[in-house]
Amino acid sequence: MAETSAERQGAAQTVAIRLWHSRLLLTAGIIAVLAVYWFAGMSGYVVLLACAVLLAAAMLQTDAARQSAEDAAAIEASGLQRLSGEYLAAAVADPLIIFDRTAMIVHANAAAFAAFGGIAPGLSLSLKFRAPEMQTLLDSILSGNVASDVVDYTEKLPVERAYRVSASSVGHGTDLYVLVFKDQSEARRIDRMRADFIANASHELRTPLASISGFIETLRGPARGDPAAREQFLQIMQNQTGRMARLIDDLLSLSRLEMKPYLKPGTEVDLRQTLGSVIDSLGPLARENGVAIERDFAEGPLDVPGDRDELFQVFENLLENACKYGQSGGRVVVSIARSDIPEPGIDVAIRDFGPGIAEEHIPRITERFYRVDVENSRTHKGTGLGLSIVKHILTRHNARLSIKSEVGKGAAFSVHLPTR
């Protein structure tokens with residue numbers, strides 16, 4: 001009997017709660033029914049029937065709302081059950097490792113396997129990452145003194161990679177922790193390139209400035225009344241200022257290209273006409289160096305997508321280098337041919353027959369300020385930036401530069417330009 005009474009009391013409380021949640025709807029309905037009764041003079045039985053219908057509707061609405069809320073909660077719970085730590089780790093692009101209080105690996109995502117290899121659940125992190133900074137990171141996070149920590153770590157094998165490693169606990173009371181490795185290798189490489197660039201540019205500018213400063217001091221002192229020395233020193237100073245001007249122009253050109261490396265040109269360039277203009281413009285230099293420029297152009301249209309001024313600069317740099325550094329060969333061959341490898345396009349080759357380039361220099365020859373022979377380059381008024389500019393322009397044009405050379409047999413610089 002006590003149980004029946006309690007059940008009845010609970011049911012009554014449930015009904016009361018449902019009616020309370022629908023109080024606004026019930027009040028509005030009853031007022032509407034009474035107004036109709038008052039003004040229309042309908043039967044009292046009709047009023048009672050209308051109120052009963054309103055009560056039933058309020059109860060049904062509350063049941064529907066409660067059922068909808070319960071269904072939503074069930075769907076959410078089901079989704080959260082499927083959203084396990086393994087799936088979350090797989091969704092992270094960076095290497096991620098979950099470990100426990102004993103520093104044993106519990107789970108590692110695919111990026112971690114690809115980056116470090118040889119890791120599996122049950123492996124000790126202390127044995128896998130033995131660098132002092134990693135040991136310190138693990139000790140600090142497992143001691144519970146800090147909730148999260150970050151260190152820089154370098155992985156040596158199979159290739160050297162720099163990481164910013166963060167460690168933190170997973171939730172509260174789970175006794176699980178997570179390591180996330182953010183790859184910083186590209187950022188570090190760019191920082192080194194920037195530092196090397198500034199150092200090299202400063203060195204290249206400091207040398208002529210020191211020379212000019214020394215000559216000015218000499219002209220003001222011992223050579224003050226020596227017309228011959230004054231004329232000689234002024235000529236050297238003019239050469240040095242010209243060298244600095246060329247260097248600054250090349251630096252500005254390189255900077256402009258680096259600001260838009262992926263901006264693809266949208267016009268067509270006639271390579272036959274462009275190469276012809278380059279050869280004509282460098283004719284005086286070729287004659288001065290005793291070099292004959294020979295042409296070997298394919299028949300028919302030789303058009304490619306590109307920017308004419310930039311491609312003119314590419315071929316001018318390559319042909320000028322061939323005339324300067326390959327002058328001992330006495331001739332330079334400029335050829336244009338159609339090619340289907342690696343994609344339909346046109347190959348432009350500039351070949352000299354000079355001393356050639358040693359094999360160990362070829363991979364680095366397009367680096368900024370890299371020179372095979374520093375003194376020879378400065379004698380020919382080179383800035384060390386020409387081939388770097390060439391590489392950036394060709395990257396912008398989705399083109400490739402290949403270099404073939406053998407010591408004593410000259411060098412060939414080939415440019416493959418896609419036709420679409």
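Considering Cα pairs under 8 angstrom that are at least six residues apart, work out the relative contact order of the stretch 268-418 and quote it in whole percent.
24
Given 0.36 nm per residue, what is the gain on full extension from Thr395 to Ile190 after removing their alpha carbon distance, in nm?
72.1 nm
The mean sequence distance of close C-alpha pairs (under 8 Å, at least 6 residues apart), as a share of the length of the stretch 82-187, puts its relative contact order at 24 percent. Among the listed pairs Lys128/Lys182; Lys156/Lys391; Lys182/Lys391, those with a Cα-Cα distance over 26 Å are Lys156/Lys391; Lys182/Lys391.
What is the gain in length, in nm to one decimal, between Ala90 and Ala120 on full extension, counting 0.36 nm per residue of separation less the C-alpha to C-alpha distance? Fully extending the segment from Ala90 to Ala120 adds 9.3 nm.
Per-peptide packing, taken as the mean over residues of other Cβ atoms within 10 Å, places 345-353, 232-240, 109-117 in the sequence 345-353, 109-117, 232-240 from highest down. A Förster distance of 56 Å, applied to the separation of the beta-carbon atoms of Arg130 and Ala337, puts the FRET efficiency at 0.50.
Taking 0.36 nm per residue of separation and subtracting the current Cα-Cα distance, fully stretching the chain between Ser168 and Ala199 would add 7.2 nm. Ranking Leu123, Tyr163, Ile105 by how far each Cα lies toward the positive end of the dipole of the stretch 86-183 (charges on Cβ) leaves Leu123 at the top.
Each reported figure results from applying straightforward, stated rules to the coordinates on display, with no laboratory input. As the structure is a computational prediction, the values presented were derived from the model and not from experiment. FYI the Cβ positions are ideal-geometry reconstructions off the backbone, even for glycines, and counts take in every protein chain you see.
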